[in-house]
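Okay, so here's the structure we're looking at.
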Amino acid sequence: MLIFAALMYSEKAIVMSGIRPTGFLHLGNYFGAIRNYVRMQEAYECYFMVADLHSLTTHPDTKELKANVHRVLAENIASGLDPEKAAFYCQSHIYETSELYLYLNMVAYLGELEKTTTFKEKARQQPDNVNAGLLTYPVLQTADIILHRAKYVPVGKDQEQHLEMARNFVNRFNHRYGEVFPEPYAFNYSAELVKVPSLDGTGKMSKSENQSATIYLADSDDQIRKKVMKAKTDEGPKTPGSIMPEYIRNLFTLMALVSEPGVSAQFEADFNACTIRYGDMKKKLAADMVRFVGPIREKVEAILADETYLKQVMERGAEKARASARETMRIVREAIGLHYY
Ligand code: TYM
């Protein structure tokens, strides 16, 4: 019976993902990533982590780090991540990640790293700190994923390029040293990866940018209502069949995520009939966001207050992640040829 259970477990496909502790989580993190974690933990062998090492590439000051790590843990758990089902851990607690990162740096080329969109963005944002960790950020992310030989990586649209790079590194490694790693793919339950737009019609919801146009899981009901009611609209279409501006399309995208099915279709019909009242639409969107965020926010506060529980989660998660990491690294060292006796 026990052997049968072990076999069943090992046959499950492996899933891995992570979130940086660089601020409060928002609806983008929820719908791009966490919603899938919660569903995947029922069917797969899952490894989810707080990417504290990655945060050092942009946030060298660590005064807020502990609070931010605790918050990411609590916000994930309050959103439904179950540390009993998935391994939920801190990246820096698994030293094997850093070793694998080093080996993978030998199959990552300067040219491709310099061309990465996120590297170019961050280099522009922090010209005085264009460090090598920033350049090799996708290499560390690949190490996180393939340390568990994961195949599926639930992430939002913004991570697509990093996954493409991960497959390149994996293929080069396998070509050089033998078939050690499966190719990892960005995953979402529906066909498209998710990009949750911000409320101001430009860009996406973010932990550190667009804060007044981002809905955080920690926002009060009042903050949510204010942010939604301030979202950019106009006088509405004047002729049937008008093209929908992007800032309006974004409101529909958000509504499709948080409102009951059919609600956004009704407003879309009103748009097409030129009878839409954006004030009513925003009131409905705000009410549904409040209904969605409120219960998560309340659970977060209770979890954050229990530091002993958070410590247990991290220890238990690291234990599970280490077992998988150790086995992978034994295979990796052997494949590279680092065995001299
Ligand atoms: P991070 O911390 O920026 O974001 C965490 C997750 O949230 C998703 N996300 C979004 N999805 C849709 N719409 C948005 N507006 C939005 N904003 C954020 C991200 O796509 C991500 O899934 N590099 C990663 C962290 C990482 C990682 C990993 C991920 C480190 N190692 C290994 C997967 C596997 C990052 O910066 O995520």
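All distinct Cα pairs of region 211-300 go into the 1/r average, and the inverse of that average, the Kirkwood radius, is 13.6 Å. Shown for region 19-169: the carbon plus sulfur share of the solvent-accessible area, taken with all protein chains present and a 1.4 angstrom probe, equals 52%. Axis angle, to the nearest 10 degrees, between helix 96-105 and the longest C-alpha principal axis of the chain: 90 degrees.
Counting lysine pairs in region 211-300 whose alpha carbons fall under 19 angstrom apart, excluding pairs fewer than 8 residues apart on the same chain, gives 12. With 0.36 nm allotted per residue and the present C-alpha distance subtracted, the ARG176-SER190 stretch has 1.6 nm of extension available. Farthest toward the positive end of the dipole of the chain, out of PHE271, ILE303, ALA86, is the Cα of PHE271, where the dipole comes from beta carbon charges about the Cα centre.
Using the eigenvalues of the Cα gyration tensor, what equivalent ellipsoid semi-axes result for region 46-119 when each is taken as the square root of five times the eigenvalue, whole Å, largest first? Don't skip to the end; give the middle numbers.
Details: eigenvalues 140, 53, 31 Å².
Its equivalent ellipsoid spans semi-axes of 26, 16, 12 Å.
Label sites at THR118 and ARG277, each approximated as a point 7 angstrom past Cα along Cα to Cβ, lie 4.4 nm apart. For the chain, the solvent-accessible area with a 1.4 angstrom probe is 49 square angstrom per residue. Percent relative contact order of region 211-300, based on C-alpha pairs within less than 8 angstrom and at least six residues apart? It comes to 43 percent, rounded to a whole number. Computed from Cα atoms, the angle from the helix 278-304 axis to the main principal axis of the chain rounds to 40 degrees.
Spin-label model, GLU11 to LYS66: label points 7 Å out along the Cα-to-beta-carbon direction sit 4.6 nm apart.
Taking all protein chains together and a probe of 1.4 Å, list HIS26, HIS175 from the most accessible to the least accessible. Show your work: numbers first, answer last.
Numbers: HIS26 10, HIS175 165 Å².
From most accessible down to least: HIS175, HIS26.
Here the simple spin-label model places points 7 Å from the Cα toward Cβ, and for HIS339 and ASP200 these points are separated by 5.7 nm.
The convex hull around the C-alpha trace of region 107-259, projected and averaged over every direction, spans 12.8 square nanometres. Computed log10 I(q)/I(0) for region 117-202 at 0.21 Å⁻¹: -1.04, from the Debye equation with unit scatterers placed on every C-alpha and solvent omitted. Specify the angular offset, from 0 to 90 degrees and rounded to the nearest 10, of the alpha carbon long axis of helix 263-272 from the longest principal axis of the alpha carbons in the chain. Approximately 50 degrees, to the nearest 10.
Over the C-alpha atoms of region 262-312, the Rg to Rh ratio, Rh being the Kirkwood estimate, stands at 1.35. When the alpha-carbon atoms of the chain are used, the pair Rg, Dmax equals 21.7, 80 angstrom. Tell me, rounded to the nearest percent, the portion of alpha carbon pairs in region 184-259 spaced more than 14 Å apart. In whole percent, the share of Cα-Cα pairs in region 184-259 beyond 14 Å is 67.
The values are calculated or read from the model by the stated rules, or taken from the named source; none is laboratory data. Please read these numbers as outputs of a predicted model, since none were measured by experiment. Because the Cβ atoms are built from the backbone with ideal geometry, glycine has one as well, and the counts that use them run over all protein chains shown. Note: accessible area is taken over every heavy atom of the protein model, side chains too, but ligands, DNA and RNA are not part of it. Shrake-Rupley method; radii C 1.70, N 1.55, O 1.52, S 1.80 Å.
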